[in-house]
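What follows is calculated from the coordinates using simple rules that are stated; it is not laboratory data. It should be emphasised that the depicted structure is a prediction, and the values quoted were computed from it without experimental measurement. Heads up, the Cβs are rebuilt from the backbone with ideal geometry, glycines too, and the neighbour counts pull from every protein chain shown.
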Amino acid sequence: MKKFLSAFFASLAISSQMFGANSEYPADLPKFIMGTCTHFGQNLGDISENMKMIAEGGFNSIRDECMWCVVEERKGEFKIPPRCLEYIDSALSYGLLPLMILDYSNPNYDGGAYPESESARAGFAAYSSKMAVAFKGKIKLWQVWNEWDGGCGMPAKFKDKKTMEGYAKLLKASAAEVKRASPDSLIVLNSICRGLKEFEDILKCGVIQDCDVLSLHTYNHSERGFNRTPEAWHKRMLQSGEIIRKYNGGKDMPLYVTEMGFTTPSNRIGYSYNTSADYAARLYLLARTIPWVKGMWWYEFQNYGSDHYEMGHNFGLIDDNRTPKPSYYALKSIADIITKADYLGEIQTSIPSVHILKFKLDSEDILAMWCTDADKQAQAVFKAKNVDLKPLTVYHVGKAKTTMDWGFREFVSARGKPNGTLRRDSVSFTISQTPLIVRGNLAGADLDFIAEIEFKTSELPVKRIFETAKNAAVLRAEKPFEQNYNLTSMRGNQSQKKSSGSFSASYDKDFLTFKISVKDGNVVEYTGQGPSDRIVVSLKVFDAEREIETATQFEVRPTADEKVKSSKIREQFAGATSEFVASRYSTVNGEHFYTIKIPASDIGLRAYEKSLRLKGAVAYYDCDDSGSESNGISWGITSDSWPLDSAQFNYIFFN
């Protein structure tokens, strides 16, 4: 075995000379790849229906996978699943360029850990070779791994057990085998997902010499304010260029953004359908301004699931039932610009929030214009010089096209009357957050005038509508305790329905407050030891930075003198600053009242705020005289297992 491995790795030095940083980007590839991610390799999505819609939407590529553990289920035996063969052939039939990911571990090697041992690397390289042979002439783009730094697709116990150096060795082994089997293939770097620091860390390992195209995942939906916009993305991509040149002898190198998108769940990190559409168009238009970015794949084409509250289920350009979202139509309306046009530059204006990009597609001039400020629009007047004043084609992305003749009459805004002069050689446009596309003969037209128009969307009346799940709680800060929710679902001994209750909830910036009432004729108080009645509050919050849900569980026990014993019994969130506060409870005619106040800091939040969404469960456990929990009631479901599964919670919305 050692002799085989030595010979195998010695051969890599020879084959790796066939590609690397000095390779020319192939002229036969599209001017720009406007791709989308599919999950056919995970047995999701209808292949024929999806491919048809992808092609009709103007996309020219898909990105998918055929995982190592599926191809080599039994060690040393390789078989490409029929579905993988099917979706590649279907893509090619629609003229779509496939990008295939070689990814994830295999339990036949190192117990399913990252393939960093010599034997595991050799196994992964053999899988890479079999894939390249099977799809020779069909697949040109091969990406070696997906989100190595983020642990995507890996068993939980291995997610943090990898090195960048280990990936560099895996890339060298895998890329050499793909090139050997299919010499005209392009090797795409693993998609770095955690940020530019990790991008630089992997470039330090010399991977530029073993791939043809670099790769990033550039999600910013979890950011706030400007940082979650396409323009912030553009700024970050310019920084990526500085890093590339630092490790590539001062030269640019092709880069693919193999995943990027704006998700549309009904929660605080979600975008509205219309905003997602605007941002999608702005994202791809801005991508065309960066010369080293050669392609971008929207994640993903079809929603991953049907839960409209889950971030990961709602990135799709179409819904889970294949209903197109506005973002699908927005990208379809500019697909020929993105994939075929030449970018000529940006018209600089005196308004920083306005972008006016110039493109040329065959003989047609194109302007793409938008304003990033939600509270402003802009008026832009273009004046022609010796231009054939033929009508222009004008449309907002995703909307119907119309024709617009040249000619502009200035108005006196105070009286709404014309000033008397029609400027036939000029045309005026209103620029908003939705990109406006102007197409026609504009070669001799210059920007003559631009001015801001105040348009305060923040002052428009807003009606917040929540599509709430069954038993969801919608909390309103300005109307505390407006709605009560019955505690339901008897627990324990179903024949002894001795207790019943209800609760209400409210919030301010610092505290989430539950008021719970329980009817129980026999309260077993906590004496410092032994069983007692108790209330358990469980909360889950989405941790945007790590893209996971963290859970915290609290317990309240009644004591003598109408006091309570409160404690945080377990948590998945590290760094809470205090125990939660529970007030004294009172008893009136056999009904017991508790008030529980939970600081935002105790569940990893800075504050409770509008549009926040949590998952919560409240349970009352009734202890009988013998000391056993004979029955109880709950809102949501609780369990003694830990951590609690998301299905064991109801939704709590903050409005």
(request) Please sort 425-431, 155-161, 601-607 by packing, taking for each peptide the average over its residues of neighbouring beta carbons within 10 angstrom, highest first. (result) 425-431, 601-607, 155-161
(message) Let me check against my output: what whole-number percent is the relative contact order of the range 354-459, with C-alpha pairs under 8 Å and at least 6 apart?
(response) 42 percent
(message) Let me check against my output: what whole-number percent is the relative contact order of the range 2-341, with C-alpha pairs under 8 Å and at least 6 apart?
(response) 19 percent
(message) Residue by residue through the range 295-311, what is 3J(HN,Hα) from phi via Karplus (6.51 cos²θ - 1.76 cosθ + 1.60, θ = phi - 60°)? Round to whole Hz and write x for glycine and proline.
(response) x, 8, 10, 5, 9, 9, 7, 10, 3, 6, x, 10, 8, 6, 9, 8, 4
(message) Using amide H atoms built in the peptide plane, which far-off residues or other-chain residues are under 5 Å from PHE649 H to H?
(response) ILE637
(message) Students often get this wrong, so check it: of LYS509/LYS540; LYS162/LYS235; LYS332/LYS456; LYS515/LYS615; LYS358/LYS383; LYS52/LYS325, which have C-alpha atoms separated by over 22 Å?
(response) LYS162/LYS235; LYS332/LYS456
(message) Apply the Karplus curve 6.51 cos²θ - 1.76 cosθ + 1.60, θ = phi - 60°, to the phi angles in the range 346-354 and return the couplings in whole Hz, x for Gly and Pro.
(response) 10, 7, 7, 10, 7, 10, x, 7, 9
(message) Counting only Cα atoms, I'd like the Rg/Rh figure for the range 50-133, Kirkwood definition for Rh.
(response) 1.07
(message) Going by amide H atoms built from the backbone, whose H comes under 5 Å of the H on VAL397, apart from near neighbours?
(response) ILE437
(request) Evaluate E = 1/(1 + (r/R0)^6) for GLU242 and ASN522, where r is the Cβ-Cβ distance and R0 equals 51 Å; express this FRET efficiency to the nearest 0.05. (result) 0.10
(message) What are the ³J(HN,Hα) couplings of the range 596-613, residue after residue, when phi is run through the Karplus curve with 6.51, -1.76, 1.60 and θ = phi - 60°? Round to Hz, x for glycine and proline.
(response) 10, 10, 10, x, 4, 5, 6, 10, x, 10, 7, 6, 8, 8, 4, 6, 5, 10
(request) Mind listing the long-range amide H neighbours of LEU612? Cut-off is under 5 Å, sequence gap 5 or more, other chains count too, H placed in the peptide plane at 1.01 Å from N. (result) PHE654
